[in-house]
1. Does Thr126 satisfy the criteria of being of a type in the set (S, T, N, Q), touching a residue at least 60 places away in the same chain (Cβ under 8 Å) and out of contact with any Asp or Glu (no Cβ under 7 Å at 6 or more places or on another chain)?
2. Any idea how many residues of the range 167-205 are part of a strand (DSSP E or B) and among the β-branched types (Val, Ile, Thr)?
3. Could you count how many residues in the range 168-205 are in contact (Cβ under 8 Å) with a residue 40 or more places away in the chain and among the polar types (S, T, N, Q)?
4. In the range 137-155, how many are aliphatic (A, V, I, L, M) and surrounded by fewer than 24 Cβ atoms within 10 Å (Cβ to Cβ)?
5. Tell me whether the range 23-31 contains one or more residues that are in a loop (DSSP other than H, G, I, E, B), under 24 Å from Gln90 (Cα atoms), at pLDDT 65 or above and of a type in the set (D, E, K, R).
6. Would you check if there is a residue in the range 100-111 being more than 21 Å from Tyr187 (Cα to Cα) and touching a Phe, Trp or Tyr at 6+ places or on another chain (Cβ under 7 Å)?
7. On the basis of being on the phi > 0 side of the Ramachandran plot and loosely packed, with under 15 Cβ neighbours inside 10 Å, does Gly120 make the cut?
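The values are calculated or read from the model by the stated rules, or taken from the named source; none is laboratory data. Keep in mind that what you see is a predicted model, and the values were worked out from it rather than measured. FYI the Cβ positions are ideal-geometry reconstructions off the backbone, even for glycines, and counts take in every protein chain you see.
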Amino acid sequence: MKSKRYFAAVLCLAALTSCSKTPEVANAPPKDNKSPEQYRVTLDTTKGPVVIEVHREWAPLGSDRFYTLVKANYLDGAHFFRVIPGFMAQFGLAGDPLVTARWKGTELPDDPKSQSNTRGMITFATAGANTRTTQLFINYGDNSRLDEKGFTPFGRVVSGMEVMDAINSRYRESPNQGSIKAEGNTYLDRDFPGLDLIKSAKLGG
């Protein structure tokens, strides 16, 4: 009888210990998975499908981060919140601000320059050296002037560039990134109706 009570007590203690760690684990910053050397991602946008082909050798850390974001469904519901014709379309802040917040503190070191920011190339946005997290942009034109500023492309649009050209650019740079981080899609849908978004991002294409 004593051994049974002892065993039950150990189980209860283990359960309590496990439960006490759950919130900490749930709120821990995600860790990147190593991506395949080459893979494709299909963005199902409100304007149609866009297929991106990623080459890990171009920017290994950027490739791994994008792969991780897609597998985590992070981009599902994310708006194209900064769209400047002839320049680029930017996205990568989650629709749910709690999801965006989880990625705080996951800044990546810069990948060495490999490819150029020409039309159709996809690149992580930065706020300076070694600050890449989740925000990305697709180049509309020849933005090779960005190459020397730490903007390293990791993939390119191989299908659906005409879809990207049709993305709503009405609001240009008006949406406030701080407000997006704080309120997510509630803010964008309320103050900037009609913005296009990514309905889903899936591996393959």
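1. In short, no.
2. 1
3. Within the range 168-205, residues that are in contact (Cβ under 8 Å) with a residue 40 or more places away in the chain and among the polar types (S, T, N, Q) number 5.
4. 1
5. Scanning the range 23-31 turns up at least one residue that is in a loop (DSSP other than H, G, I, E, B), under 24 Å from Gln90 (Cα atoms), at pLDDT 65 or above and of a type in the set (D, E, K, R).
6. No, every residue in the range 100-111 fails to be more than 21 Å from Tyr187 (Cα to Cα) and touching a Phe, Trp or Tyr at 6+ places or on another chain (Cβ under 7 Å).
7. In short, no.
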